Amino acid sequence: ANEPETFIKYLNNLESEELVEDEYGNLRYIGANPNNYVQFNNELWRIIGVMKDIENPDGSKEDKIKLIRSESIGDYNWDNKPSGVGSSTSSYGSNDWSDSILQKMLNEGAYYNRTSGDCPYGQNGATTPCDFSSIGLTEESKGMISDSVWNLGGSSTYNDVTTKAFYERERGSTVPSGHATTWTGHVGLMYPSDYGYATSGGNITNRNTCLSRVLYNWDGGNYRYCPENDWVYNNSSQWTITPYLSSPNNFIFYVASNAKNVTPFLAFNIPNALATRPSLYLKSNIEIEIGGVGSSASPFVLKK
């Protein structure tokens with residue numbers, strides 16, 4: 001009876017205190033180190049959860065498993081196009097993911113093609129050598145990715161935004177003038193709300209208290225239990241895909257390693273390029289092999 005079943009059906013039927021439903025029906029892994037490891041691309045990735053009604057390129061919608069790479073692939077700029085190139089109106093890049101240099105690296109450049117190349121690092125389009133010949137996407141992995149429509153809505157404030165508010169704004173249409181509200185592709189980044197919803201809270205500050213606290217204020221007193229019991233926080237400052245709306249439109253939200261909160265950061269900033277953790281959706285027909293329990297030592301194993 002060891003027939004594989006679809007991974008999404010397996011997770012939907014999995015009874016675990018580490019896998020909880022948010023108010024929008026998405027199933028999310030929570031806690032400091034839940035058993036959400038999966039072997040993907042011959043390395044460890046982690047399951048953010050089962051996301052409801054993710055749009056396909058043809059406009060249809062379906063539930064999809066969302067993954068994020070366990071570790072960063074390196075520190076890079078989100079964007080550093082010179083002023084006048086694409087959506088960039090300053091020498092500090094643009095916060096439009098649809099033509100961001102990092103997006104191109106992940107979806108058509110060195111990372112996607114599992115080669116070495118030049119990656120965004122520095123002002124006015126400067127680059128640094130990057131080598132993804134051993135950690136870039138394999139052909140088998142590419143075949144497991146479900147091309148999806150990613151929402152690019154932003155927020156014009158940051159010190160009053162809860163996880164739920166971020167979730168709504170990410171899916172809204174408020175973007176800088178002329179910027180895309182959605183982007184269709186293979187590989188993106190996490191949302192601020194993915195970070196927020198991953199907390200299990202602690203004994204003193206429970207999950208509901210964490211979720212009602214603005215993400216900018218997760219950094220003090222008993223609220224430290226919110227990021228401390230959140231597996232997405234991994235001691236590095238890491239990009240999200242979501243723009244902060246402020247002129248000249250070159251700030252992105254990121255998870256800060258020191259304050260452990262969500263706050264804006266320049267798309268281009270040296271020497272403080274940020275950790276890049278690719279995120280993607282799996283095709284719904286991907287199966288799971290019998291065996292793995294989801295721990296880092298025994299991750300779930302996928303079967304195409």
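The values are calculated or read from the model by the stated rules, or taken from the named source; none is laboratory data. Quantities reported herein were computed from a predicted structural model and do not represent experimental measurements. Counting neighbours? That spans all protein chains shown, and the Cβs are built from the backbone with ideal geometry, glycine included. Each accessible area value is taken on the protein alone, full model and side chains, heavy atoms only, with ligands, DNA and RNA left out. Shrake-Rupley method; radii C 1.70, N 1.55, O 1.52, S 1.80 Å.
List of remarks:
- Taking all pairs of distinct alpha-carbon atoms in region 66-113, Kirkwood radius in angstrom: 11.6
- Pairs of Cα atoms farther than 24 Å apart, the chain, %: 50
- Calculated FRET efficiency for the pair Q123/D58, C-beta based, R₀ 30 Å, to 0.05: 0.15
- Whole-Hz Karplus values for region 74-85 come out as x, 9, 9, 7, 6, 7, 8, 4, x, 4, x, 9 Hz, taken residue by residue from phi with 6.51 cos²θ - 1.76 cosθ + 1.60 and θ = phi - 60°; glycine and proline positions read x.
- Positive-end residue of I286, I101, G125, charge dipole of the chain with Cβ unit charges: G125
- Prolate/oblate/rounded label for region 164-304 (Cα gyration tensor, a/c 1.5): oblate
- Residue-level accessible surface for C119, protein heavy atoms, 1.4 Å, Å²: 0
- Based on protein heavy atoms only, the chain ends up with 40 Å² per residue of surface accessible to a 1.4 Å probe.
- Centre separation in Å (Cα based) which lies between region 266-287 and region 43-99: 6
- Size of charge dipole - the chain - debye, nearest 20, with Cβ of Lys, Arg +1 and Asp, Glu -1, no other charges: 400
- Nonlocal amide H pairs with T162, under 5 Å, H built at 1.01 Å: L215
- Within the accessible area of region 41-98 (1.4 Å probe), percent carbon and sulfur: 43
- Probe 1.4 Å - accessible area at K142, Å² to nearest ten: 40
- Considering only alpha-carbon pairs that sit under 8 angstrom and 6 or more positions apart, the relative contact order computed for region 1-86 is 20 percent.
- Once all protein chains are placed together, Y223 keeps about 60 Å² accessible to a 1.4 angstrom probe.
- A Förster radius of 25 Å combined with the Cβ-Cβ distance from S247 to R224 puts the calculated FRET efficiency at roughly 0.15.
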